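The values are calculated or read from the model by the stated rules, or taken from the named source; none is laboratory data. Note that the structure is a prediction, hence the values are computed from the model and not measured. For neighbour counting, all protein chains shown are included, and Cβ atoms are generated from backbone atoms with ideal geometry for every residue, glycine included.
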Amino acid sequence: MTASLPESIQVLERGWLSSNSVLLFDGETATLVDSGYVTEAGETVAMLNAALRGRTLTRLINTHSHSDHIGGNAAVQRAFGCRIAVPEALAPIVARWDRTALLLDVAGQNAEPFSVDETIAPGDTFVAGGLCWEAIAAPGHDATALVFYNREHGVLLSGDALWADGFGILFGNVLGSHDALPDARNTLKRLQSLAVQWVIPGHGAPFQDFAGALDRAWGRLEAFAKEPKRIARNALRACFAFYLLEHRRLTRDAIHSALATIPLFVQANDRFLHQSPEALTEWVAAALVAAGRARWEGETLVALIS
(Lines give C-alpha, C1' and ligand atoms only; values in the text may rest on other atoms or scores of the structure.)
Protein backbone atom coordinates (compact mmCIF):
# COMPACT_ATOMS: atom_id res chain seq x y z
CA MET A 1 0.00 0.00 0.00
CA THR A 2 1.10 3.58 -0.57
CA ALA A 3 2.43 5.30 2.56
CA SER A 4 0.39 8.44 2.05
CA LEU A 5 -2.07 10.15 -0.22
CA PRO A 6 -0.69 12.16 -3.16
CA GLU A 7 0.52 15.58 -1.99
CA SER A 8 -1.97 17.35 -4.24
CA ILE A 9 -4.90 16.03 -2.14
CA GLN A 10 -5.97 17.69 1.10
CA VAL A 11 -8.91 16.25 3.03
CA LEU A 12 -10.92 18.65 5.19
CA GLU A 13 -12.56 16.21 7.59
CA ARG A 14 -15.75 17.77 8.89
CA GLY A 15 -18.12 17.41 11.81
CA TRP A 16 -21.33 15.42 11.65
CA LEU A 17 -23.57 18.05 10.02
CA SER A 18 -21.23 18.45 7.05
CA SER A 19 -19.68 15.96 4.69
CA ASN A 20 -15.93 15.95 4.25
CA SER A 21 -14.56 18.39 1.69
CA VAL A 22 -11.60 17.42 -0.49
CA LEU A 23 -9.24 19.92 -2.08
CA LEU A 24 -7.28 18.92 -5.17
CA PHE A 25 -4.42 21.32 -5.96
CA ASP A 26 -3.06 22.16 -9.41
CA GLY A 27 -0.32 24.71 -8.82
CA GLU A 28 -2.03 28.01 -8.07
CA THR A 29 -5.54 26.65 -8.65
CA ALA A 30 -7.69 24.09 -6.87
CA THR A 31 -10.83 21.97 -7.19
CA LEU A 32 -13.15 21.24 -4.25
CA VAL A 33 -15.25 18.09 -3.88
CA ASP A 34 -18.41 18.66 -1.77
CA SER A 35 -19.20 21.72 0.32
CA GLY A 36 -20.90 20.67 3.56
CA TYR A 37 -24.20 21.75 5.12
CA VAL A 38 -25.79 25.19 4.74
CA THR A 39 -25.57 26.15 8.43
CA GLU A 40 -21.83 25.46 8.35
CA ALA A 41 -21.20 27.49 5.17
CA GLY A 42 -19.31 30.23 7.01
CA GLU A 43 -17.01 27.62 8.55
CA THR A 44 -16.56 26.03 5.12
CA VAL A 45 -15.47 29.32 3.53
CA ALA A 46 -13.09 30.02 6.42
CA MET A 47 -11.55 26.53 6.17
CA LEU A 48 -11.09 26.95 2.44
CA ASN A 49 -9.45 30.35 2.80
CA ALA A 50 -6.98 28.88 5.27
CA ALA A 51 -6.25 25.83 3.12
CA LEU A 52 -6.01 27.65 -0.22
CA ARG A 53 -3.37 30.11 1.02
CA GLY A 54 -3.98 32.48 -1.83
CA ARG A 55 -4.61 29.88 -4.50
CA THR A 56 -7.69 30.25 -6.72
CA LEU A 57 -10.60 27.85 -6.29
CA THR A 58 -11.79 27.30 -9.85
CA ARG A 59 -14.27 24.44 -9.54
CA LEU A 60 -16.57 22.73 -7.03
CA ILE A 61 -17.72 19.18 -7.80
CA ASN A 62 -20.48 17.32 -5.95
CA THR A 63 -20.62 13.56 -5.47
CA HIS A 64 -24.40 13.56 -4.98
CA SER A 65 -27.50 15.52 -4.09
CA HIS A 66 -27.85 15.47 -0.31
CA SER A 67 -27.86 18.60 1.81
CA ASP A 68 -24.71 17.83 3.78
CA HIS A 69 -22.77 17.72 0.48
CA ILE A 70 -24.37 20.58 -1.52
CA GLY A 71 -25.51 22.92 1.24
CA GLY A 72 -22.45 25.17 1.05
CA ASN A 73 -22.34 25.38 -2.76
CA ALA A 74 -23.89 28.83 -3.09
CA ALA A 75 -21.74 30.34 -0.34
CA VAL A 76 -18.56 28.85 -1.77
CA GLN A 77 -19.38 30.10 -5.24
CA ARG A 78 -20.06 33.61 -3.89
CA ALA A 79 -16.82 33.65 -1.95
CA PHE A 80 -14.51 32.24 -4.62
CA GLY A 81 -16.27 32.65 -7.98
CA CYS A 82 -15.79 28.97 -8.83
CA ARG A 83 -17.79 26.95 -11.34
CA ILE A 84 -20.03 24.17 -10.01
CA ALA A 85 -20.20 20.68 -11.53
CA VAL A 86 -22.77 18.08 -10.47
CA PRO A 87 -23.66 14.55 -11.56
CA GLU A 88 -25.52 14.74 -14.88
CA ALA A 89 -28.72 13.23 -13.47
CA LEU A 90 -28.75 15.79 -10.66
CA ALA A 91 -28.59 18.89 -12.89
CA PRO A 92 -32.33 19.10 -13.82
CA ILE A 93 -33.31 18.56 -10.19
CA VAL A 94 -31.13 21.49 -9.11
CA ALA A 95 -32.32 23.63 -12.03
CA ARG A 96 -35.94 23.43 -10.87
CA TRP A 97 -34.82 23.35 -7.20
CA ASP A 98 -37.00 20.35 -6.44
CA ARG A 99 -36.95 20.30 -2.65
CA THR A 100 -38.73 16.94 -2.60
CA ALA A 101 -36.26 15.20 -4.91
CA LEU A 102 -33.39 16.79 -2.96
CA LEU A 103 -34.91 15.34 0.26
CA LEU A 104 -34.90 18.76 1.92
CA ASP A 105 -38.47 19.15 3.17
CA VAL A 106 -38.73 15.35 3.23
CA ALA A 107 -36.01 15.09 5.90
CA GLY A 108 -36.44 18.44 7.63
CA GLN A 109 -33.20 19.77 6.14
CA ASN A 110 -32.20 22.79 4.08
CA ALA A 111 -29.83 24.07 1.39
CA GLU A 112 -29.37 27.32 -0.50
CA PRO A 113 -30.21 27.21 -4.22
CA PHE A 114 -27.27 27.40 -6.62
CA SER A 115 -26.65 27.28 -10.36
CA VAL A 116 -24.98 24.42 -12.21
CA ASP A 117 -22.21 25.29 -14.70
CA GLU A 118 -21.10 21.79 -15.73
CA THR A 119 -22.25 18.18 -15.47
CA ILE A 120 -20.32 14.94 -15.03
CA ALA A 121 -21.72 11.67 -16.36
CA PRO A 122 -20.71 8.10 -15.50
CA GLY A 123 -17.69 7.23 -17.62
CA ASP A 124 -16.46 10.83 -17.86
CA THR A 125 -12.93 11.69 -16.80
CA PHE A 126 -11.48 14.95 -15.53
CA VAL A 127 -8.14 16.17 -14.22
CA ALA A 128 -7.83 17.70 -10.75
CA GLY A 129 -4.88 17.73 -8.41
CA GLY A 130 -2.70 16.68 -11.36
CA LEU A 131 -4.57 13.37 -11.34
CA CYS A 132 -7.02 11.80 -13.78
CA TRP A 133 -10.32 10.90 -12.14
CA GLU A 134 -12.92 8.50 -13.55
CA ALA A 135 -16.58 9.13 -12.69
CA ILE A 136 -18.38 5.93 -11.73
CA ALA A 137 -22.13 5.59 -11.12
CA ALA A 138 -22.85 4.72 -7.48
CA PRO A 139 -26.63 4.62 -6.89
CA GLY A 140 -28.19 3.18 -3.74
CA HIS A 141 -27.89 5.89 -1.12
CA ASP A 142 -28.68 8.43 -3.85
CA ALA A 143 -29.81 7.59 -7.37
CA THR A 144 -27.71 10.36 -8.94
CA ALA A 145 -24.50 9.60 -7.03
CA LEU A 146 -21.04 9.33 -8.54
CA VAL A 147 -17.74 8.25 -7.03
CA PHE A 148 -14.40 9.41 -8.42
CA TYR A 149 -11.47 7.04 -8.89
CA ASN A 150 -7.83 7.72 -9.67
CA ARG A 151 -6.41 4.55 -11.15
CA GLU A 152 -2.73 5.56 -10.95
CA HIS A 153 -2.65 5.88 -7.17
CA GLY A 154 -5.71 3.77 -6.37
CA VAL A 155 -7.57 6.65 -4.68
CA LEU A 156 -11.35 6.49 -4.38
CA LEU A 157 -13.47 9.51 -3.47
CA SER A 158 -16.41 7.43 -2.35
CA GLY A 159 -18.94 10.01 -1.12
CA ASP A 160 -21.59 8.10 0.82
CA ALA A 161 -21.42 4.96 -1.33
CA LEU A 162 -18.78 3.44 0.97
CA TRP A 163 -17.61 4.35 4.45
CA ALA A 164 -15.22 2.54 6.75
CA ASP A 165 -18.22 0.98 8.50
CA GLY A 166 -20.94 0.85 5.85
CA PHE A 167 -22.67 3.32 3.54
CA GLY A 168 -25.38 5.98 3.50
CA ILE A 169 -29.09 5.54 4.20
CA LEU A 170 -31.19 3.72 1.59
CA PHE A 171 -33.83 6.43 1.32
CA GLY A 172 -35.74 4.76 -1.51
CA ASN A 173 -36.73 1.88 0.74
CA VAL A 174 -37.72 4.09 3.66
CA LEU A 175 -39.85 6.38 1.52
CA GLY A 176 -41.27 3.62 -0.67
CA SER A 177 -40.17 5.31 -3.90
CA HIS A 178 -38.06 2.35 -5.07
CA ASP A 179 -36.05 -0.61 -3.82
CA ALA A 180 -32.51 0.72 -3.44
CA LEU A 181 -31.04 -2.62 -2.32
CA PRO A 182 -30.27 -3.86 -5.87
CA ASP A 183 -28.67 -0.51 -6.72
CA ALA A 184 -26.52 -0.60 -3.59
CA ARG A 185 -25.56 -4.20 -4.33
CA ASN A 186 -24.49 -3.31 -7.87
CA THR A 187 -22.51 -0.33 -6.60
CA LEU A 188 -20.58 -2.51 -4.16
CA LYS A 189 -19.85 -4.98 -6.95
CA ARG A 190 -18.62 -2.13 -9.14
CA LEU A 191 -16.35 -0.82 -6.37
CA GLN A 192 -15.08 -4.30 -5.61
CA SER A 193 -13.66 -4.51 -9.14
CA LEU A 194 -11.36 -1.52 -8.51
CA ALA A 195 -7.78 -1.64 -7.24
CA VAL A 196 -8.12 0.76 -4.31
CA GLN A 197 -5.34 1.74 -1.94
CA TRP A 198 -6.96 4.79 -0.33
CA VAL A 199 -10.64 5.58 0.30
CA ILE A 200 -11.63 9.16 1.06
CA PRO A 201 -15.23 8.80 2.29
CA GLY A 202 -17.91 11.43 2.56
CA HIS A 203 -17.78 11.04 6.34
CA GLY A 204 -14.94 9.88 8.56
CA ALA A 205 -11.18 9.75 8.10
CA PRO A 206 -9.50 8.47 4.92
CA PHE A 207 -8.63 4.79 5.23
CA GLN A 208 -6.75 2.00 3.47
CA ASP A 209 -8.69 -1.07 4.62
CA PHE A 210 -10.74 -1.22 1.43
CA ALA A 211 -11.37 -4.97 1.66
CA GLY A 212 -12.53 -4.70 5.26
CA ALA A 213 -14.84 -1.80 4.45
CA LEU A 214 -16.39 -3.77 1.61
CA ASP A 215 -16.92 -6.77 3.89
CA ARG A 216 -18.67 -4.58 6.45
CA ALA A 217 -20.77 -2.91 3.75
CA TRP A 218 -21.83 -6.29 2.34
CA GLY A 219 -22.72 -7.44 5.84
CA ARG A 220 -24.89 -4.39 6.44
CA LEU A 221 -26.56 -4.76 3.05
CA GLU A 222 -27.46 -8.39 3.64
CA ALA A 223 -28.75 -7.60 7.14
CA PHE A 224 -30.99 -4.92 5.61
CA ALA A 225 -32.24 -7.37 2.99
CA LYS A 226 -33.13 -9.92 5.68
CA GLU A 227 -34.83 -7.42 7.99
CA PRO A 228 -36.10 -4.27 6.18
CA LYS A 229 -37.04 -2.69 9.52
CA ARG A 230 -33.33 -2.19 10.09
CA ILE A 231 -33.23 0.18 7.11
CA ALA A 232 -35.96 2.31 8.68
CA ARG A 233 -34.39 2.27 12.15
CA ASN A 234 -31.03 3.27 10.69
CA ALA A 235 -32.60 6.12 8.73
CA LEU A 236 -34.63 7.39 11.65
CA ARG A 237 -31.70 7.36 14.09
CA ALA A 238 -29.29 9.03 11.67
CA CYS A 239 -31.65 11.67 10.29
CA PHE A 240 -33.07 12.58 13.68
CA ALA A 241 -29.51 12.90 15.04
CA PHE A 242 -28.84 15.30 12.16
CA TYR A 243 -32.03 17.23 12.95
CA LEU A 244 -31.12 17.48 16.64
CA LEU A 245 -27.56 18.60 15.87
CA GLU A 246 -28.88 21.39 13.67
CA HIS A 247 -31.37 22.57 16.31
CA ARG A 248 -29.05 21.76 19.26
CA ARG A 249 -31.91 21.49 21.81
CA LEU A 250 -35.40 20.01 21.46
CA THR A 251 -38.10 19.69 24.07
CA ARG A 252 -40.00 16.43 24.29
CA ASP A 253 -42.96 18.16 22.64
CA ALA A 254 -40.73 19.41 19.79
CA ILE A 255 -39.39 15.89 19.25
CA HIS A 256 -42.93 14.55 19.15
CA SER A 257 -43.95 17.24 16.64
CA ALA A 258 -40.95 16.58 14.34
CA LEU A 259 -41.54 12.83 14.32
CA ALA A 260 -45.23 13.37 13.55
CA THR A 261 -44.78 15.89 10.71
CA ILE A 262 -41.46 15.43 8.87
CA PRO A 263 -42.25 13.01 6.02
CA LEU A 264 -39.16 10.80 6.35
CA PHE A 265 -39.88 10.12 10.00
CA VAL A 266 -43.58 9.57 9.37
CA GLN A 267 -42.89 7.15 6.50
CA ALA A 268 -40.28 5.19 8.46
CA ASN A 269 -42.75 4.66 11.27
CA ASP A 270 -45.88 4.08 9.19
CA ARG A 271 -44.26 1.66 6.75
CA PHE A 272 -41.97 -0.30 9.07
CA LEU A 273 -42.04 0.42 12.81
CA HIS A 274 -45.73 1.01 13.67
CA GLN A 275 -45.02 2.66 17.01
CA SER A 276 -47.26 5.10 18.84
CA PRO A 277 -46.05 8.73 18.74
CA GLU A 278 -45.10 8.53 22.41
CA ALA A 279 -43.21 5.26 21.99
CA LEU A 280 -41.39 6.53 18.92
CA THR A 281 -40.29 9.68 20.74
CA GLU A 282 -38.90 7.65 23.63
CA TRP A 283 -37.19 5.15 21.31
CA VAL A 284 -35.44 7.80 19.20
CA ALA A 285 -34.30 9.78 22.22
CA ALA A 286 -33.05 6.66 24.01
CA ALA A 287 -31.14 5.57 20.89
CA LEU A 288 -29.32 8.91 20.65
CA VAL A 289 -28.54 8.98 24.37
CA ALA A 290 -27.21 5.40 24.25
CA ALA A 291 -25.02 6.31 21.25
CA GLY A 292 -23.56 9.29 23.12
CA ARG A 293 -25.11 11.80 20.71
CA ALA A 294 -27.49 13.43 23.19
CA ARG A 295 -28.43 13.81 26.83
CA TRP A 296 -31.58 14.82 28.64
CA GLU A 297 -31.69 18.09 30.59
CA GLY A 298 -35.06 17.81 32.25
CA GLU A 299 -37.58 17.61 29.40
CA THR A 300 -35.11 18.89 26.79
CA LEU A 301 -32.90 16.66 24.64
CA VAL A 302 -29.53 18.33 24.06
CA ALA A 303 -27.17 17.42 21.24
CA LEU A 304 -23.65 16.47 22.24
CA ILE A 305 -21.34 18.18 19.74
CA SER A 306 -18.07 16.32 19.33
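Could you list, ordered by first residue, the pairs with Cβ atoms under 7 Å in which the first is in the range 293-306 and hydroxyl-bearing (Ser, Thr, Tyr) and the second is assigned to a strand (DSSP E or B) and at pLDDT 95 or above, at least 6 apart or interchain?
Close Cβ pairs satisfying both conditions: THR300/ARG249; THR300/LEU250; THR300/THR251.
Which is surrounded by fewer than 16 Cβ atoms within 10 Å (Cβ to Cβ) and closer than 28 Å to ARG99 by Cβ, of ALA50, ALA41, ALA46?
Going through ALA50, ALA41, ALA46 in turn, the sole match is ALA46.
Let's see how each residue does on (1) among the hydrophobic types (A, V, I, L, M, F, W, C); (2) touching a helix residue (DSSP H, G or I) at 6+ places or on another chain (Cβ under 7 Å); (3) on the phi > 0 side of the Ramachandran plot:
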{"residue": "ALA238", "(1), (2), (3)": "yes, no, no"}
{"residue": "GLU246", "(1), (2), (3)": "no, yes, no"}
{"residue": "LEU250", "(1), (2), (3)": "yes, yes, no"}
{"residue": "ILE255", "(1), (2), (3)": "yes, yes, no"}
{"residue": "THR261", "(1), (2), (3)": "no, no, no"}
{"residue": "GLN267", "(1), (2), (3)": "no, yes, no"}
{"residue": "PRO277", "(1), (2), (3)": "no, yes, no"}
{"residue": "GLU282", "(1), (2), (3)": "no, no, no"}
{"residue": "LEU288", "(1), (2), (3)": "yes, yes, no"}
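Could you look through the range 84-123, keep only residues that are touching a helix residue (DSSP H, G or I) at 6+ places or on another chain (Cβ under 8 Å) and among the acidic types (Asp, Glu), and pick out the one that is nearest to VAL155 (Cα to Cα)?
GLU112
Confirm whether ARG216 is touching a strand residue (DSSP E or B) at 6+ places or on another chain (Cβ under 7 Å) and either loosely packed, with under 13 Cβ neighbours inside 10 Å or part of a helix (DSSP H, G or I) (or both).
The answer is yes for ARG216.
Report yes if some residue within the range 116-130 is among the polar types (S, T, N, Q) and either without any contact (Cβ under 8 Å) to a residue 12 or more places away in the chain or touching a Gly at 6+ places or on another chain (Cβ under 6 Å) (or both); otherwise report no.
yes
Condition check: surrounded by fewer than 19 Cβ atoms within 10 Å (Cβ to Cβ), at pLDDT 95 or above and under 20 Å from HIS64 (Cα atoms). Does ALA211 satisfy that?
When the stated conditions are applied, ALA211 does not pass them.
Only residues that are within 13 Å of the chain's Cα centre (by Cα) and surrounded by fewer than 19 Cβ atoms within 10 Å (Cβ to Cβ): list them for the range 6-20, please.
Matches in the range 6-20: GLU13, GLY15, TRP16.
Step by step: first the residues of the range 26-46, then only those that are among the polar types (S, T, N, Q) and in a helix (DSSP H, G or I), then the one that is nearest to LEU245 (Cα to Cα). Which residue is that?
Ranking the candidates gives THR39 first.
Taking the range 178-197 on its own, how many of its residues are of a type outside the set (Val, Ile, Thr), surrounded by 14 or more Cβ atoms within 10 Å (Cβ to Cβ) and assigned to a loop (DSSP other than H, G, I, E, B)?
Within the range 178-197, residues that are of a type outside the set (Val, Ile, Thr), surrounded by 14 or more Cβ atoms within 10 Å (Cβ to Cβ) and assigned to a loop (DSSP other than H, G, I, E, B) number 4.
Answer yes or no as to whether ALA258 is within 25 Å of the chain's Cα centre (by Cα), of a type in the set (Gly, Ala, Ser) and closer than 14 Å to PHE171 by Cβ.
Here the answer is no, as ALA258 does not meet what is asked.
Kindly establish whether LEU23 is assigned to a strand (DSSP E or B), modelled with pLDDT of 95 or more, of a type outside the set (Phe, Trp, Tyr) and surrounded by 15 or more Cβ atoms within 10 Å (Cβ to Cβ).
Yes, satisfied.
Residues are listed down the side, and each one gets a yes or a no for (1) of a type in the set (D, E, K, R); (2) at negative phi:
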| position | (1), (2) |
| --- | --- |
| THR100 | no, yes |
| ALA107 | no, yes |
| GLY129 | no, no |
| GLY140 | no, no |
| ALA145 | no, yes |
| ASP160 | yes, yes |
| ALA164 | no, yes |
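Consider VAL127 carefully, then state whether it is touching a strand residue (DSSP E or B) at 6+ places or on another chain (Cβ under 8 Å) and either surrounded by fewer than 19 Cβ atoms within 10 Å (Cβ to Cβ) or not in a loop (DSSP other than H, G, I, E, B) (or both).
yes
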